[in-house]
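What follows draws every value from the coordinates through simple rules; no lab data is involved. Every value quoted in this text rests on a predicted model; they were computed, and no experiment measured them. All Cβ positions, glycine included, derive from the backbone under ideal geometry; neighbour counts span all protein chains shown.
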Amino acid sequence: MSKSNPKSVTYQKVYDVILEYFNGDKSKALAWYMAVNPALGGISPYEMIKKGRGAKLMKYLRSALAGNFP
């Protein structure tokens, strides 16, 4: 069994949640994933994960999916 990179799993997990938010629209999900976002401190979701803030991003996304916009 091969070990997976924890960051790549996190990237995929976050992307899957974003994809759910955009009802499966891959182009919208990818655009949001890579775009600078003022609500995320002026960085993209991708950059948040890269900087080790994936857990904070997941909390934000779960809140958005629940209809609560932080």
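Between Ala31 and Ala66, the modelled label-to-label distance comes to 2.9 nm, taking each label 7 Å out from Cα in the direction of the beta carbon. Near Asn37, the amide H atoms lying under 5 Å from its own belong to Gly42, Ile43, Ser44; only residues 5 or more places off or on other chains count, and H is placed 1.01 Å from N.
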